Each structure stands twice: as C-alpha cells, then as structure tokens.
Amino acid sequence: MGGVYPMAHCIVEAAEEILDKEFPVLDHGFVRLVDYLGSDERIVQSARVSYGSGTKTYRQDKGLINYLLRNDHTSPFEQVNFTFHVKMPIFVARQWIRHRTGRVNEISGRYSVMSDECYLPDKEHINKQSDDNKQGRVAESVDDQLAQQVLDLLREDQRRSYENYQKLLDLGIARELSRIDLPLSLYTEWYWQMDLHNLFHFLALRLDSHAQYEIRVYAQTILEMVRRVCPIATEAFEEHKLGGVSLSKSELSALKAMLEGKESPLQGRAKDLFEQKLS
C-alpha cells in the first residue's frame, strides 16, 4: 500500500435509516437516497492520507473538516458520493440539469408513456412578478380569488394537454412525437449522482433566497439527507458557505474603514450590494 492507510467502507447508521425511503416534496414529488459512498470519516482519511481511523479525536476531525471547507480544500469532499432518486416537475429539472457536474439517468418519454401528474402550486406560492428581479417573484401571495383563477387555468391546460397526448398515442403516433406538447409542469424522474464538493455548491445556489421556491424545497430536503451521512461536513458547510458571504477587495476595504469608525468609501450600486451582504 506504499504506507498509505487503506480506507474502509463507511456505514453510517443515521444514513442507513433513510435509505430507499421517499421524502415528499411539492404535491407529487419526492427525493429518495438510493446509495452513498463515504462519510465524515472518509473526508478525514482523504485529508490525512498517512493516518488510520482512530488516530485523531472527534474534536480534531471536526476542526480539520472546518479548516478544509473554510479554505476551499475541496478534493477530500470529492471522495464522498451520493445517489438520489428524484421526482420533480420538468421546469425544476431544467434548472437542476444546469449543474453539469452531476450524473443523470432520466425517464425517457420515447420509451415510456408519461404519467398524468402535473404540479399545481399552493395558493400561498402564487405570486406576481417582481419589479426589481427579472427572474423572480414578489414575496406576497396574490388574493384568494386571483389564486383560484390561476389554478383553474393551469388545471384545465394540464388536463387538455394530457388528453391530447393520449389521443395521439391512441392514433398510433410515436411516443417521441406525442409527448412534445406536454406541459413543463409534468413530473419527470431521474437518478442523480454527485460528489459532496459539487453537491455543496448545488445546495449553496439552490438554497439561496433568490432561487425559485420549487427547487429550494428539493435542496432543503437533500441538505437534511446529506446531514445524515456527513453531519460534521454539513455543519461546516452551513457555517462557512451557506451562512457566510464573500467580500470583494473593495468591500473588504470598506469594512475595515467602517470598523475604524470611518464612512464607507463605496457609492451607488456597489454600496447597496455591500449593505445587502451585511444585512
């Protein structure tokens, strides 16, 4: 082995308890942890290549993992892998797939008849377009009458689209053509695999308040599953990445000036962005 301590297979009891269990998300979706490889112990072993299990205390292991994450030493986290089975609306999947470091096997509408399941938002999550965020919505829900009108329109369109899909199939039209008018609200499923370093990056982006609600709830569910496998690493991620901010050179200078009792030298948009980070 060339002096390198052999890594042992990691079994985490808290993770074993949730393997293959579906955790519901939205109205018809779910996330299921299919498999995992590694744990906090694997991260520590990868970082201390020469050391065996048990040569360091829990406190020292926790300190090392925090050090690694805080200073962006990412390769030990890449030693831990997760495989999830996810069911989500197609419009959520299209955002999700932009994270290209994941490996995906998705159900095929060419081989399979798509199920008649579409996403309908709760009334509290029906909102108008934001005036200052081109890709987002305001926090306030619309009134109940308008929300019901939206749901009726969505439900009718979903019903009509799926009925036409069935008619095309009944006429013998190929599945790959029959599916092309199905709505983005239709549910799809896939197996998704990703290492912990890239998974933390996914979670940092998709748990952000600016991310769309419908993908945030999936990210929150996955975060809690990851916590079962790697509790120390997850706590470090929440401390240094999810709950922290990154400052630019000019922002750091402004912060130093403020700590010295001086006015922030930042102006305009730069000042607004800086103050948002500190709020």
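No lab work stands behind these numbers, since they all come straight from the coordinates. Remember, predicted model here, so these are calculated numbers, not experimental data. Counting neighbours? That spans all protein chains shown, and the Cβs are built from the backbone with ideal geometry, glycine included.
Can you compute 3J(HN,Hα) from phi for each residue in region 124-132, using the Karplus curve 6.51 cos²θ - 1.76 cosθ + 1.60 with θ = phi - 60°, rounded to whole Hz and x for Gly and Pro?
Once rounded to whole Hz, the list reads 5, 10, 9, 9, 7, 5, 6, 7, 10.
Residue by residue, what Karplus-based ³J(HN,Hα) values in Hz, rounded to whole numbers, does region 93-103 have, using 6.51, -1.76 and 1.60 with θ = phi - 60° and x for Gly and Pro?
Whole-Hz 3J(HN,Hα) from phi for region 93-103: 4, 5, 6, 4, 5, 5, 7, 6, 7, x, 10.
Using Cα centres only, tell me the gap between region 253-279 and region 193-211 in whole Å.
28
Divide by every residue of the chain the summed helix terms, -39500 (n - 2.57) for each DSSP H run of at least 4, and state the resulting mean residue ellipticity at 222 nm, rounded to the nearest 500 deg cm²/dmol.
-13000 deg cm²/dmol
Of all trypsin sites (Lys or Arg not before Pro) in region 119-198, which ones are in loop regions per DSSP and have a Cβ with at most 12 other Cβ atoms within 10 Å?
Lys134
So what's the Cα pair-distance distribution over region 172-279, bin width 5 Å, in %?
Taking every Cα pair in region 172-279, the percentages come to 2, 9, 14, 15, 12, 11, 11, 10, 7, 4, 3, 2, 1, 1, 0, 0.
In terms of modelled amide H atoms, which long-range or inter-chain residues lie less than 5 Å from the amide H of Glu117?
Here Tyr187 satisfy the definition.
Quick check of the Kirkwood formula: for region 81-172, what is the inverse mean of 1/r over all pairs of different Cα atoms, in Å?
16.4
Which value results when the Cα radius of gyration for the chain is divided by 2.2 N^0.38 Å?
Rg over 2.2 N^0.38 Å, computed on Cα atoms: 1.24.
Under 28 Å Cα to Cα from Lys256, which lysines show up? Leave out anything in the same chain fewer than 8 places away.
Candidates past the 8-residue exclusion: Lys241, Lys271, Lys277.
Would you please classify the overall shape of region 125-184 from the alpha carbon gyration tensor, given that a ≥ b ≥ c denote the square roots of the eigenvalues, rounded means a/c under 1.5, and beyond that prolate means a/b larger than b/c while oblate covers the rest?
The shape class here is oblate.
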